[in-house]
Amino acid sequence: MSFSILPGIEIEEKICGFDFTLKWLLDSLTKNDELFKKFPEDKILKRLEARDVSGGKGMFSTVLKVELFFVNKEKEDEKVYTTILKIPGVESFEAITEDGKDVEELKFGGSSLTQSIIQMHDTECDFYSLVAPLIPNFVPRVHCTQRWIRDIHQGCLHMEDLSIRGKNMDYFNTLTVPQFKNVVDALAFFHSRIMNLEESRWRGKFVSQRNIFSDMISLVRDMSPKFLKITKSGKEELTELYFNEKIQTILNNQEFINFAFFESYLKIGLPIFLVHADLWASNIMFKTDSEGNFTDELVALLDWQCLHEGNWIFDFVRLMICSLDGDVRREMEETIFDFYISKLKTYLQRDPGFTAIQMKKSYQFIFLAHLGHATTMPGAIFGARGAVNASKDTVATNGSSVTSESRLEEARIDRCTLRAIHAYEDALILLDSGEFDEWL
């Protein structure tokens, strides 16, 4: 592709203050993006616009949507080409960390926050090189990867703009039953590809993130109270559940958490697979209709930075705790494992060697081990969104001046509060059953 650039455009200027320049971006597009190569020739780059589209939807990276505006030689017929830069960093955590507290004091997966995010980015780079070709129909096309080398240069994933085809959700959104089943269908296909692959192709290659969500007691302690503080409807009920003696015992029992993540599924007789490990609504993109509304059709599973070999039941648990309303989750707990087994058999054309009953038993262990994220996730996400200090468009309600945005945010918090209440209620039923007494 040949194009020129209008005078006055600084190709060495950093995009949104990050290390990556317009020159770097154009070089990557020209070398790696097949669609960009087919973009009409003899165009003139008129301007660039870039903005952060990750606010409130993720914690480990900034996602920049970059728009390149081209015109013809007569400086008419403007066409736009969009592309995405995903840049790992700690900016979201800096926004929610208490004044005077260094984000490096936060431990994540047993390491400092920055070191953990560097490892996560390395994992995602390896995923797109080694694993993504197995499942091209539901991962984004990545044009270029750059490792994050601290004090030398930032890391980046340069990828296609999937917003042309669909969009992802915020934490307060939840999946419908058809959407959820389509994600589980994709997991079954992914697992079938792993089961048909020589183990040497993937075993031992994704182990650095093994502890990423098992070593999180301190994060749960830090973030859950932040959510309890901003809750309104259901505040007393959720607070009582969260501080229940049995709940607190299991949330703070590292021995149990380790058993649930690393041993329980093996003792139950389930195999080792690759685990996405950060599967929730914001990391899933669904196709949209002509009016921009979500459909049930899956476009892509995003954010593979936590990928590791291990307990794949965790993908079910994280998605169901974080992204299903309580009634839908309870319904799916009764049927989804049979649905998964049916799909897996179809893709494998043979029996997988394990059952839905085994999956459900393993699910109960991981459900308890990951329970704290029913309050940790909204505590972190709403903190980053600035839920308490919302917008300035005021309206009068019952004689008091509040902001329309804050009222909307309060309703979203109420939704997440009820979701968390249902999760903690169900955890308490499991803990009262007697089956987990050895851990209490």
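The values are calculated or read from the model by the stated rules, or taken from the named source; none is laboratory data. Model, not experiment: these values are computed from the prediction. Backbone-built Cβ (ideal geometry, glycine too); neighbour counts: all protein chains shown.
For region 49-79, the set of residues classified as more than 28 Å from the chain's Cα centre (by Cα) and either within 24 Å of L302 (Cβ to Cβ) or crowded, with 18+ Cβ neighbours inside 10 Å (or both) consists of F70 only.
Within the bounds of region 139-155, is there any residue that is assigned to a helix (DSSP H, G or I) and over 17 Å from R318 (Cβ atoms)?
Start the filter on region 139-155 by keeping residues that are assigned to a helix (DSSP H, G or I), which leaves none.
No: zero hits.
Among the conditions (1) out of contact with any Gly (no Cβ under 7 Å at 6 or more places or on another chain); (2) among the aromatic types (F, W, Y); (3) in a helix (DSSP H, G or I), F206 misses just one, which is (3).
Within the bounds of region 236-248, is there any residue that is in contact (Cβ under 8 Å) with a residue 60 or more places away in the chain and farther than 30 Å from R210 by Cα? Among the residues of region 236-248, at least one is in contact (Cβ under 8 Å) with a residue 60 or more places away in the chain and farther than 30 Å from R210 by Cα, which makes the answer yes.
State whether one or more residues within region 359-368 are assigned by TED's automatic domain parsing to the domain that holds G326, among the charged types (D, E, K, R) and modelled with pLDDT of 95 or more. Yes: region 359-368 contains one or more residues that are assigned by TED's automatic domain parsing to the domain that holds G326, among the charged types (D, E, K, R) and modelled with pLDDT of 95 or more.
Of the residues in region 1-28, how many are more than 35 Å from the chain's Cα centre (by Cα) and of a type in the set (S, T, N, Q)? Final tally of qualifying residues: 2.
Select from region 43-55 the residues that are touching a strand residue (DSSP E or B) at 6+ places or on another chain (Cβ under 7 Å) and not in a strand (DSSP E or B) and write down the one among them that is modelled with the highest pLDDT.
So the first thing to find is which residues in region 43-55 are touching a strand residue (DSSP E or B) at 6+ places or on another chain (Cβ under 7 Å), and the list is 43-54.
From what is left, the residues that are not in a strand (DSSP E or B) are 53-54.
On the way: V53: 88, S54: 80.
My answer is V53.
Restricting to region 1-47, and then to whatever is hydroxyl-bearing (S, T, Y) and over 27 Å from E74 (Cβ atoms), can you tell me which residue is surrounded by the fewest Cβ atoms within 10 Å (Cβ to Cβ)?
At the first step, the residues of region 1-47 found to be hydroxyl-bearing (S, T, Y) are 2, 4, 21, 28, 30.
Next, from what is left, pick out any that are over 27 Å from E74 (Cβ atoms): 21, 28.
Numbers: T21: 15, S28: 19.
Applying the filter and picking the extreme gives T21.
Within region 26-45, residues that are assigned by TED's automatic domain parsing to the domain that holds N72 sit with their Cβ atoms under 6 Å from residues that are of a type in the set (V, I, T) and outside any helix (DSSP H, G or I), at 6+ positions apart or across chains, in these pairs: I44/V71; L45/I5.
Scanning region 404-440 for residues that are under 27 Å from K232 (Cα atoms), polar (S, T, N, Q) and either touching a residue at least 60 places away in the same chain (Cβ under 8 Å) or out of contact with any Asp or Glu (no Cβ under 8 Å at 6 or more places or on another chain) (or both) yields S406, T417. Before we move on, is R165 at pLDDT below 95 and closer than 19 Å to T288 by Cβ? It is true that R165 is at pLDDT below 95 and closer than 19 Å to T288 by Cβ.
Can you work out which of the residues in region 237-291 that are part of a helix (DSSP H, G or I) and among the charged types (D, E, K, R) is nearest to L431 (Cα to Cα)?
Looking at the filtered set, the residue picked out is K246.
Apart from one condition, E240 fits all of (1) within 21 Å of the chain's Cα centre (by Cα); (2) modelled with pLDDT of 95 or more; the exception is (1). All conditions in (1) modelled with pLDDT under 95; (2) assigned to a strand (DSSP E or B) hold for D222, with the sole exception of (2). The residues on offer are T174, T123, and the sole one that is buried (at least 19 other Cβ atoms within 10 Å of the Cβ), assigned by TED's automatic domain parsing to the domain that holds I336 and under 17 Å from the mean Cα position of the chain (by Cα) is T174.
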